[in-house]
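Chemist: One structure, as structure tokens, below. Some questions next.
Any read-out appearing in this document is the output of simple, stated calculations on the displayed coordinates, not a laboratory observation. Nothing here was measured: the structure is a model prediction, and the numbers come from that model. Cβ placement follows ideal geometry from the backbone for every residue including glycine, while neighbour counts extend to all protein chains displayed.
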Amino acid sequence: MGRAPLLSTPEHGDILVIYLSVSASAVSSVLIRSKDNAEHPVHYVSKALQDAEVRYPNIEKLAFALELQKPETSGRLVKWAIELGEFDIHYKPRPAMRGQAVADFLSEFTEPQASAATQLVTEPNPSLSQDQTPTQNTLDLTQPLWTLFVDGSSNAQGCGAGLVLVSPDKVALEYALRFNFQASNNEAEYEALLAGLRLAKEMDARQIQIFSDSQLMVHLVNQDFTAKDASMTAYLQHARHLLATFHAHSIKQVPRSENSHADALARLASALEQGMGRHIHIEFLAQPSTQAPLICTIDHSPTWMDPILQFLQNQTLPANPAEARRVRHRSARYLIINGSLYKRGFSLPYLRCLTPEEGHYVLREIHEGICGNHSGARSLAHKVIRQGYFWPSLHTDAQAFTQKCDKCQRFANIPQLPAEPLTAMVSPWPFAQWGLDLIGPMPEGKGQVKYAVVAVDYFTKWAEAEALATITAARIESFVWQNIPILSPMARSKP
């Protein structure tokens, strides 16, 4: 665990607890340490089951909990028990503790990965004209099926919509919308349907069955009725366009008693004031879904992702052979999922690739956002990667961002270390250390001198020299006493 990206660092002697959870399509585990009657997550792992792994029996998926109780079990359990025998692991029944909720959440929301062809190439959805309708294919019960319950509400207090999206693993997602505009009851029903379809599309749902208590909306979508109102025609066209993005779908009318959950959410959203507290996620819709969004012209300059996207989508390479070879080599680490570029990580999930402008926004939110703690450059870059984002200049941008942060400059701890590495001083004060050198023999001069003795002070670079005819200890000693000032220890200690 020393090299893994830890959420909290365990201390020596701490007892670590591993929570395990298994679903039909994923297995997950969370490592927890307890301190002061509080649980702190250390690390988590979640893996989507693929191919034959999905068909493993539950006894093999829960091998961690059974291997000590049933050591005689054959097959993979014995092998796993031998591998885990070197660790000091104690097994306990699952208690009602908070850490287990994290493991359950990871396993429930980890979906199996699609095939490589599905990930790399996303087929564009055919655009429908006003007269065309999507084909309502037969639902394949052997494939994952999502269920959507929708309902709308319009009264004197306001307008709102509620929906409940149930995943193939029977996980219910509650969602409510509050309208900041006036809408009829039928328009509220359509807004609930459109919001549910957008949510299911974001969850990568392939086939969906929809239930609503609105007779008009169900029959209009099923082409049993004809839309005569301009508003209903616009909503119907928008709904058919979203339904065309699914492989198969069905919409049915149910009694209000069987749609009570979505009806309660719709009534809650329509009667809710913005200042009231709530535990259910409620979105405030500013304008109808049929109204065209405001499009502003922006300056789209080339980014570092453009060559990689062009190669992955169209097999287009730059004209420069060296640049083309570099793009081909780099593209092996990237893939396209739902039109967005992702980078394959070594030990992390796929990393969403961002432009420098988007990366600056992510840095600002993590550094000084709601949960920001004004961390350093390296810690900030690691947090960005753990959140699932990447761009090539991440570390450089993180360092530049932290250096320009006004609050960090005002309130950060002043470092006590010097701004540059320490340099050892050979001579701390003048005339403390001298260097002697003998030069010669040289051409004889006046008095038959052919040698020279030179003394240089290391601090001031002061030089003293004297010519010598012969080199003897007495002459050198005489030179030192006559030319080099000698400071006593008492004199050196004075300022």
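Chemist: Per residue, how big is the convex hull around the C-alpha atoms of segment 306-411? Give it to me in cubic angstrom, could you?
Modeler: Considering the Cα atoms of segment 306-411, their hull volume per residue is 116 Å³.
Chemist: Can you give the Rg/Rh ratio of segment 360-449, where Rg is from the C-alpha atoms and Rh is the Kirkwood radius?
Modeler: Values: Rg = 27.9 Å, Rh = 18.1 Å.
Expressed as Rg/Rh, it is 1.54.
Chemist: Sticking with this structure for a sec: So how do 442-450, 370-378, 237-245 stack up, highest first, on mean other-Cβ count within 10 Å?
Modeler: On the way: 442-450: 10.6, 370-378: 12.4, 237-245: 18.2.
Those peptides, ordered most packed to least, come out 237-245, 370-378, 442-450.
Chemist: Mind pulling up the Rg/Rh value for segment 434-493? Radius of gyration and Kirkwood radius, both on Cα.
Modeler: Details: Rg = 13.4 Å, Rh = 12.7 Å.
Taking Rh as the inverse mean 1/r over Cα pairs, Rg/Rh reads 1.06.
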